[in-house]
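S.K.: Here it is, the structure in full.
Where a number appears in this text, it was derived from the coordinates with a stated rule and is not lab data. The structure displayed is predicted, hence computed values, not measured ones. Note: ideal-geometry Cβ built from the backbone for every residue, glycine included; neighbour counts use all protein chains shown.
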Amino acid sequence: MTINNAGAEEYKNLIDIIFQKMKLPLLATKLYRWFVHSNIDETIHNDVIIPMGKIIRDNNYEILPGLRALLASEHFYDECIIGTMVKIQLILF
């Protein structure tokens, strides 16, 4: 793959290529593990990780909309999940 010369805007082309090649479920999985829990089963992968990756992709690869969806989800506040990871220091909303 080559990046055409775009002068000062060339870095944007590189970023676009990186995100096109990146597997979004991997990014969503890392976010889930950081903010929620390290154990991810098939149900969580299908019901939380995949939709969060789609939200990130649909929002032009902005991470914040996907993270907002995760932190506002019923899953995030499930009794089995609450208290497993306490890392949020900033309000993202």
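S.K.: When ranked by the protection proxy of mean other Cβ atoms within 10 Å per residue, highest first, what sequence do the peptides 7-17, 33-43, 60-70 form?
M.R.: On the way: 7-17: 10.2, 33-43: 12.4, 60-70: 16.1.
With the highest mean Cβ count within 10 Å placed first, the list reads 60-70, 33-43, 7-17.
S.K.: Explain nothing, just compute: Karplus ³J(HN,Hα) = 6.51 cos²θ - 1.76 cosθ + 1.60, θ = phi - 60°, for every residue of the range 28-44 in order, whole Hz, x for Gly and Pro.
M.R.: Ordered by residue, 3J(HN,Hα) equals 5, 4, 5, 5, 4, 5, 6, 9, 10, 7, 7, 8, 10, 9, 4, 5, 4 Hz.
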